[in-house]
Structures are given as C-alpha cells and as structure tokens.
Amino acid sequence: MRSRTPWRGSVLAVLMAALTVLTAGPAPGTAWGAAGSRAALVPAVDREIHFTADGVTAYGTLHIPAHRAGHRLAAALLLPGSGPTDRNGDEPPGLTPHTLARMADVLGGDGVMSLRFDKYGTGRTGLGGRGSAPDMAAYTRQAVAAYHALRARPEADPQALLVVGHSEGGLQALLVDRAVQEKPAGLALIAPQSMRLLDLIRLQLADALNRAVAAGHLTPQQAWWNNRGVARAIADFRARRPVDTSALLPSLAALFQGMFGPVNADFVRSDDALFPPSVARGAAPGTRTLVTCGTEDTNVPCRTMPALLSGLAAARTTGPGLRVLPGLDHLLHPAGTPVNDPVIAPAAQRALHDFVRPWRHTAQG
C-alpha cells in the first residue's frame, strides 16, 4: 500500500486480497388524470450534475426514466460501498461490476429516477484537496448534500424519496436518514455493513483462514496464530496502543499497516465507532425498508444480519424487510460469476422491484 494513497480496501477488496494470498495457488406523486394520460412522453435521459458539500464539488449522474410530462417521480439516492468506489459501483481499473449503474437501470424500469455520484477519492470528484481519507462524518455530509440535490430536482416527488445503499452504503443510508429533516420514504440496504467495521473484517479474515486450512494452504496452527494476531491488532488499534503485525502473514500485516497507518486511521476509527444495529434503531418509524443478504456472500454473511434487523424492528420500520438471495455473492452475482460481469441477478432485481412497488409506474401509466 502506498503511504500517500487513502485506504483502497473496501469490505470486498479486504476479503479478495486475503483470499488471494491465503489460497495462493399508487404512489405518492402527481395522480394520473385524463389530461395527464394524454401528456407528452418525456424520453429517458442521463444527466451529469454536480452539488457541493463542505466546499467541495461532487459530480454524479442523474438517471430520469421515460415519463409523462408533469409527472413527479419517486427518486432514489444510490450509495456505494467502502473504499474508492465510484458513482457506478466500480473501483477501476481492476474492479468494474457496475453495481450502482445496474441498480439505476433496474429502478428506472420501474419509473424511479436516481442519483449516483463520485464520492470523495473517486471519479471526477477526487479528494477535494485532502491528502488522506475523509472520516465517516464527511462522507455522510456529502451523501446528505446529494440527497438534498436530488430532492430539489423538478422531476422528483419530495414525498417519495428513497435511499439505496450497497455494502458500507447500507450503513451510510441509515446515517443519511438520521441526519436529514425531510425523511426518506424508503431505505434499501443491499448486503449492508451489519457490524462494526473491524469486527466484520475480523470475521472475514477468520473465514478466509479457515478456507485456507481446508484447501491445505495453511496448517490449523498457522490459522490459529494468525486469528489470535488479528484479534490483538484490532484490540490494540481500538485502545490506541502501538500495533505489532510482525507475527502475521505478510498479506495480513500489509492490510493492517495500510488501514491503521496515518493516511487511513481516522476513517477506519470513525467507521469502526459505529454499531449499525444501534444506528438502525434511529430510523424513522414507518419507513419502508428492504434488507438483502446473499447466501454466498463472504463479505457480509447472512448470519450477521439478525442484530441489524432487530434494530430496524425496534424503530418500527415496515416491510418488505429481509430478503435472502439464494446463491448470490456480495456483488449480487450468482456465486462463481466473474467479478466484473455487469449484471444483477434476477433474485436481486425482484427484491428491488418489490421494494419500490408502492412507487412504481411506467411511462404508459
């Protein structure tokens, strides 16, 4: 990891890096009346837009599906996962699954407009003059600014605003809901970060070490010592003690040196301070909420979801609730699909269709 580059380890990238080394080898909105049904059809369009947060200009894509003139549309803010994930859900050049771009397509088919943007450190936005990764609060302020920019669009129905977050973006969706006065009508948490960041990374690495043992690449004793070293490194970082990674496998040592180094430590600490189930308890009552997990997701396994779901239940959110996606991985692909395949599996598409059902419309009415 280059010392001058902010943390490039998304939840997905953390797991992939470890595996590579360890296994080497009628909706709200304008009603349709007689006059509305005869209104001119406005064709679908993608527009480049920008907005400002903390004095930094961020750039994004507004997707407006075909609709009848004068009809206000449900509008979804799309939030990416951790690391340098851009408006399309990509970390170019190596990881380009177009996850958010494909979500925009799926939602557009249901008549839902969307905004996706280049967060700090990605795409046209860049770091905004920073030399290190912003903390989680800065990312939240940027997402809130994007939410207000979407709400202000003349095509958007302010009573039908949605936030759709993937991976860490799921946690960020909950933070946006907590921060804004005009609450979103719905939250879709797609394979969301469901635990404290470093607890989740510890779980991911433990699973990866176990698979390395099963494949014959590590001995059980090597896995045990590395699991113990991972736990000690995390405990020392949280306690603000010096972190010794010398006993870890080189790949794990490099991972923690990058995450806990001066460029990235503030962000990691600010994310790790958040307990997603507690954040979920602050969701606005009555918010329509979707949570998905794929049975082949090794980044955010389904077994991590119960506490998050309990938090949403305590907040008195409404359904559709949890949708388990059989056979799907973290990128919403069938397990074994190449990571850069730009497709969202049908089961994930159905979950999104169900989520937006109260706001769904077509240009034909």
Test: residue in segment 153-167 that is in a helix (DSSP H, G or I) and buried (at least 22 other Cβ atoms within 10 Å of the Cβ): no
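Residue-wise test of (1) outside any strand (DSSP E or B); (2) surrounded by 20 or more Cβ atoms within 10 Å (Cβ to Cβ); (3) of a type outside the set (Ser, Thr, Tyr); (4) in contact with a Lys or Arg (Cβ under 9 Å, 6 or more places away or on another chain).
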{"residue": "MET103", "(1), (2), (3), (4)": "yes, yes, yes, yes"}
{"residue": "SER114", "(1), (2), (3), (4)": "no, yes, no, no"}
{"residue": "GLY121", "(1), (2), (3), (4)": "yes, yes, yes, yes"}
{"residue": "ARG124", "(1), (2), (3), (4)": "yes, no, yes, yes"}
{"residue": "LEU127", "(1), (2), (3), (4)": "yes, no, yes, no"}
{"residue": "ALA149", "(1), (2), (3), (4)": "yes, yes, yes, no"}
{"residue": "GLY170", "(1), (2), (3), (4)": "yes, yes, yes, no"}
{"residue": "VAL176", "(1), (2), (3), (4)": "yes, yes, yes, no"}
So THR85, is it within 24 Å of SER270 (Cβ to Cβ), among the β-branched types (Val, Ile, Thr) and over 15 Å from the mean Cα position of the chain (by Cα): no
Criterion (of a type in the set (A, V, I, L, M, F, W, C) and at positive phi) met by exactly one of LEU308, LEU312, LEU332, LEU328: LEU332
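We did not get these values from a lab; they are worked out from the coordinates using the rules stated. As the structure is a computational prediction, the values presented were derived from the model and not from experiment. Virtual Cβ from ideal backbone geometry, glycine too; neighbours counted across all protein chains shown.
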